1. Would you be able to tell me the number of residues in the stretch 28-48 that are more than 30 Å from S101 (Cα to Cα) and either part of a helix (DSSP H, G or I) or in contact with a Phe, Trp or Tyr (Cβ under 9 Å, 6 or more places away or on another chain) (or both)?
2. Name every residue in the stretch 43-60 that is open to solvent by 40 Å² or more (accessible area, probe 1.4 Å) and small (G, A, S), in order of residue number.
3. Can you tell me which of S24, S101, S97 is open to solvent by less than 70 Å² (accessible area, probe 1.4 Å), modelled with pLDDT under 95 and touching a Phe, Trp or Tyr at 6+ places or on another chain (Cβ under 9 Å)?
4. Which of (1) modelled with pLDDT under 90; (2) on the phi < 0 side of the Ramachandran plot is the odd one out, the single condition L39 does not satisfy?
5. Of (1) modelled with pLDDT of 95 or more; (2) over 23 Å from the mean Cα position of the chain (by Cα), R83 satisfies all except one. Which?
6. Pairs under 6 Å by beta carbon, first residue touching a residue at least 12 places away in the same chain (Cβ under 8 Å) in the stretch 34-51, partner open to solvent by 50 Å² or more (accessible area, probe 1.4 Å) and outside any helix (DSSP H, G or I), six or more apart or different chains?
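The values are calculated or read from the model by the stated rules, or taken from the named source; none is laboratory data. Quick caveat: nothing in here was measured; it's all calculated off a predicted structure. Note that each Cβ is placed from the backbone with ideal geometry, even for glycine, and that neighbours are counted across all protein chains shown. Surface accessibility is based on the protein's heavy atoms, side chains included, excluding ligands, DNA and RNA. Shrake-Rupley method; radii C 1.70, N 1.55, O 1.52, S 1.80 Å.
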Amino acid sequence: MLRAAFRRILVFVAVLVGGTAAVSATLGALVGANILRSLATGYYVIGAAVLIGSFALGVRGPVRREVVENDDEVTPTPMRPLRRRRRKATPEERAESRRSSLGLFALGIAFLLLAAAVDPARSVV
């Protein structure tokens, strides 16, 4: 089970890195910018976005919302939205949220380090 999870995570990261490289290189070529600088900018943007997502996931409180089923089966409208009630998150949900936030934080830092390694304006050595 861990092997399959690791494989899924690795595929996700590879697609994210490759997709970012493809989009960044294409946009950089269209603008006429240095390709390495375009790649670094793309990785900086993705790294910052992932860190923001990590923060948003990490600051969720211990309260979760769940939809309450309507008795009359009426389609929700702006004047009559679905009713929701609040419940306390289970310890498993809170632990999963914490692990996900830490995983996204590590991924964001990895993207920023990759961007710094690729960036021609920075010297890693």
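1. Pass one, the stretch 28-48, residues more than 30 Å from S101 (Cα to Cα): 28-35.
Okay, now just the ones that are also either part of a helix (DSSP H, G or I) or in contact with a Phe, Trp or Tyr (Cβ under 9 Å, 6 or more places away or on another chain) (or both), so 28-31, 35.
Going through the stretch 28-48 one residue at a time, the tally reaches 5.
2. Selection gives A48, A49, A56, G58.
3. Sole residue among the options that is open to solvent by less than 70 Å² (accessible area, probe 1.4 Å), modelled with pLDDT under 95 and touching a Phe, Trp or Tyr at 6+ places or on another chain (Cβ under 9 Å): S101.
4. (1)
5. The single condition R83 does not satisfy is (1).
6. What qualifies is L36/P120; R37/P120.
So that you can scan it fast, the table gives a plain yes or no per residue for (1) over 16 Å from L114 (Cα atoms); (2) under 21 Å from the mean Cα position of the chain (by Cα):
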position: I9; (1), (2): yes, yes
position: G32; (1), (2): yes, no
position: L39; (1), (2): no, yes
position: G61; (1), (2): yes, yes
